[in-house]
Amino acid sequence: MIGQDELPKASLFIRATKYSEGSHLSFKIASPAEKTKLGQRAIDVEGSEKGKLGLNKTNLEILVTALGSDETAWVGATFEVIVRETNNPKTNMKTLGFKILSASVKPVVA
């Protein structure tokens, strides 16, 4: 069983609200996805910023479609995101979020 202290801390996550709407960032996946305290997935990334990037359902689907369902094979892949307005499903309020640009996802070339 995974203990609470083993789950990633919120302070490690990259926040879209630090950027202005329309900003583009580039990332490289540094480690396989892991579960967050909310049961979602997050990946360690480096590039425009270093930290954890939470994956909502849409962004997770984009990565699975481009890179496959084996999350360990994602390490080293690169992608770009755009900061855009999105709806927070918990609060039903508008906020800024990251949208992975599907055409930018590049797998590791062996």
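The values are calculated or read from the model by the stated rules, or taken from the named source; none is laboratory data. This structure is a prediction, so every number in the text was calculated from the model and none was measured. Here the Cβ is made from the backbone with ideal geometry for all residues, glycine too, and neighbour counts use every protein chain on show.
Filtering segment 75-98 to residues that are within 18 Å of Thr65 (Cα to Cα) and either surrounded by fewer than 17 Cβ atoms within 10 Å (Cβ to Cβ) or in contact with a helix residue (DSSP H, G or I) (Cβ under 7 Å, 6 or more places away or on another chain) (or both) leaves Val75, Gly76, Ala77, Thr78, Phe79, Glu80, Phe98. When segment 74-110 is filtered for residues that are at pLDDT 95 or above, among the polar types (S, T, N, Q) and out of contact with any strand residue (DSSP E or B) (no Cβ under 6 Å at 6 or more places or on another chain), only Ser102 remains.
Suppose we keep only residues that are in contact (Cβ under 8 Å) with a residue 40 or more places away in the chain and surrounded by 19 or more Cβ atoms within 10 Å (Cβ to Cβ) within segment 34-61. Which one would you say is nearest to Arg84 (Cα to Cα)?
Of segment 34-61, the ones in contact (Cβ under 8 Å) with a residue 40 or more places away in the chain are 52-54, 56, 58-59.
Narrowing the set further to residues that are surrounded by 19 or more Cβ atoms within 10 Å (Cβ to Cβ) leaves 52-54, 59.
Numbers: Lys52: 18, Leu53: 15, Gly54: 15, Asn59: 13 Å.
Ranking the candidates gives Asn59 first.
For segment 55-69, does any single residue satisfy the condition of being out of contact with any Leu (no Cβ under 7 Å at 6 or more places or on another chain), on the phi > 0 side of the Ramachandran plot and not hydrophobic (A, V, I, L, M, F, W, C)? Checked segment 55-69: at least one residue is out of contact with any Leu (no Cβ under 7 Å at 6 or more places or on another chain), on the phi > 0 side of the Ramachandran plot and not hydrophobic (A, V, I, L, M, F, W, C).
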